[in-house]
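*Asks:* One structure coming up, written as structure tokens, with questions to follow.
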């Protein structure tokens with residue numbers, strides 16, 4: 001809920017329109033295919049909920065170390081972006097010019113609970129800047145802290161913007177506006193100098209040449225939302241804990257030095273950072289987003305960044321995912337502190353165990369990627385039996401010899417009626433195969449095999465000689481089959497490959513994206529379907 005008003009508002013529940021219309025619906029389906037089942041709850045042995053999402057582990061250089069789901073799927077950081085929005089204050093020189101303390105910088109990075117200390121730090125910062133709570137455009141909501149909420153109810157006091165969990169971030173943005181000599185009004189607009197400075201800082205951190213679509217939508221507190229791939233999210237959190245640049249170190253040290261200001265009593269970020277004081281930084285966001293990073297140690301060669309995004313927007317599975325990450329990277333006690341046996345139990349109001357929460361992604365997946373598919377081609381290939389079954393009424397089921405005319409005649413007669421029933425009309429189907437060959441002289445160095453059916457080109461096999469890889473031959477073969485597909489009036493190209501493999505990254509670089517996940521497919525390995533629209 002960080003960054004958003006509480007669900008109970010005078011305006012009523014939020015609505016969505018047009019999700020099934022055109023590109024928006026397709027984007028949602030494509031994004032859903034990028035997620036995988038990460039956790040589930042069981043009640044009485046029956047599955048009650050399954051939490052799908054993406055979890056990525058990466059180092060500060062962007063190397064993928066583990067996880068599940070599509071690491072290159074774009075995600076919205078929501079409040080998990082606050083440390084990097086605050087980074088603009090430090091990198092620009094504003095933090096020094098405004099004499100920001102570490103406590104003030106920590107609350108600028110915070111999704112705080114609205115406790116007395118949070119309110120005091122933000123109020124003092126605004127006063128020192130010559131500003132007031134009325135200058136904040138974050139709006140108001142009841143504080144997350146139960147005790148702070150009770151205090152307001154007892155005195156009959158309405159919440160103020162200072163108790164908004166994003167008030168520190170907004171105070172920091174006002175401070176940046178003062179430093180830049182920019183207007184104090186409109187600092188929340190994407191084109192305001194404050195937001196442009198944030199975009200410039202984050203773009204540099206990502207190593208991009210330009211911001212691109214870095215801003216996508218508006219957060220609940222009114223400022224632009226940062227959008228990047230899940231892998232980029234994990235990478236910048238690794239860079240934050242690494243502190244390779246002075247500005248990153250200052251933001252990191254402020255957060256780990258004041259964990260209570262980043263969240264508050266009982267808040268997940270504060271709990272995480274207290275588990276490994278000084279060695280772990282964590283920042284949650286709304287709609288099931290969570291970033292965190294772990295400092296080097298226990299034989300690791302560098303910092304580890306982690307980012308999770310839950311498809312259903314729930315944060316219920318986040319503690320278990322973070323706990324799994326801690327166990328996988330050498331901190332079993334800290335991991336069990338978040339997601340031990342007792343933490344997995346859901347109890348009734350009478351204290352009886354009624355439910356269990358468990359991970360579907362294993363601890364080892366948090367530190368292994370791609371190797372699980374390395375030997376798939378070496379698996380034994382079973383031979384089919386000649387006869388599958390024999391039933392009553394004189395009906396037999398058997399393997400047909402290729403080219404059986406009776407079979408061909410049956411299919412021609414029955415498919416039009418089946419099309420009418422299933423698709424609403426009959427089609428003139430044809431299946432045309434294609435083999436593309438790359439040669440170097442007379443030597444075959446690459447082959448692509450596929451077919452065209454029903455307006456869809458399918459890549460069945462793509463193989464480049466081991467000595468010729470890295471020269472772009474595979475990309476040339478894929479481009480060639482796309483050209484052939486266009487001439488045949490196809491609207492897309494599809495394929496199926498092992499999930500999390502180098503091949504998935506290869507095709508993504510050519511503009512393909514996930515469409516679906518096939519768990520335990522060929523020889524028990526997880527596969528994904530990918531496609532590219534070409535019409």
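*Asks:* Averaging sequence separations of C-alpha pairs under 8 Å and six or more residues apart, then dividing by the length of the stretch 209-343, give the relative contact order as a whole percent.
*Replies:* 18
*Asks:* Please report the relative contact order for the stretch 38-369, taking Cα pairs under 8 Å with a sequence separation of at least 6, and give it as a percent rounded to a whole number.
*Replies:* 26
*Asks:* In addition: Over the Cα atoms, compute the radius of gyration (one decimal) and Dmax (the largest Cα-Cα distance, rounded to a whole number) for the stretch 185-273, in Å.
*Replies:* That works out to 14.5, 40 Å for Rg and Dmax.
*Asks:* First obtain the Kirkwood hydrodynamic radius of the stretch 26-133 from its Cα pairs, then insert it into the Stokes-Einstein equation at 10 °C and 1.306 mPa s, and state the resulting D in µm² per second as a whole number.
*Replies:* For the chosen part, D equals 89 µm²/s.
*Asks:* Relative to the compact-globule scaling 2.2 N^0.38 Å, provide the ratio for the alpha-carbon radius of gyration of the stretch 245-341.
*Replies:* For the stretch 245-341, the normalised Cα radius of gyration is 1.03.
*Asks:* Note the per residue figure in Å³ for the convex hull of the C-alpha positions in the stretch 38-369.
*Replies:* 128
*Asks:* Whole number please: convex hull volume per residue of the Cα set in the stretch 96-145, in Å³?
*Replies:* 84
*Asks:* Additional query: Divide the volume of the convex hull of the Cα atoms of the stretch 161-206 by its number of residues and quote the answer in cubic angstrom per residue.
*Replies:* Dividing the Cα hull volume of the stretch 161-206 by its residues yields 82 Å³.
*Asks:* With a 10 Å Cβ neighbour count serving as the proxy for reagent exposure, in which order, fewest first, do 507, 427, 512 appear?
*Replies:* Ascending Cβ contact count within 10 Å gives the list 427, 512, 507.
*Asks:* Using square roots of five times the C-alpha gyration tensor eigenvalues, list the equivalent-ellipsoid semi-axes of the stretch 403-533 in whole Å, biggest first.
*Replies:* In descending order, the three semi-axes are 30, 19, 15 Å.
*Asks:* If you average the sequence gap of Cα pairs under 8 Å that are 6 or more apart and divide by the length of the stretch 403-533, what percent do you get for the contact order?
*Replies:* 16
*Asks:* Next question, about the same structure. Along Cα→Cβ, 7 Å out, is where each label goes; now give me the distance between the ones at residue 523 and residue 204 in nm to one decimal.
*Replies:* 4.9
*Asks:* Give me 140, 185, 344 ranked fewest to most by other Cβ atoms within 10 Å of their Cβ, as a rough exposure proxy.
*Replies:* Final ranking by Cβ density, sparse to dense: 185, 140, 344.
*Asks:* Let me know the whole percent of all Cα-Cα pairs from the stretch 432-504 that are separated by more than 21 Å.
*Replies:* 27
*Asks:* Counting only DSSP beta bridges with both residues in the chain, tell me the antiparallel percent, nearest 5.
*Replies:* If we restrict to bridges inside the chain, about 95 percent are antiparallel.
*Asks:* Let me ask something else. Just rank 533, 235, fewest to most, by other beta-carbon atoms within 10 angstrom.
*Replies:* Sorted ascending by nearby Cβ count, the order is 533, 235.
*Asks:* Using only Cα atoms, locate the centre of the stretch 160-200 and the centre of the stretch 255-314, then give the distance between them in Å, rounded to an integer.
*Replies:* Using only Cα atoms to place each centre, the spacing works out to 24 Å.
*Asks:* Rounded to the nearest 0.05, what FRET efficiency do residue 420 and residue 146 give with R0 = 60 Å and r taken as the Cβ-Cβ distance? Could you check?
*Replies:* Once the sixth-power term is evaluated, E becomes 0.45.
All of the numbers you see were taken from the coordinates with simple rules; none came from a lab. The model shown is predicted, which means the values in this text are computed figures rather than measured ones. Cβ: placed from backbone, ideal geometry, glycine included. Neighbour counts: every protein chain shown.
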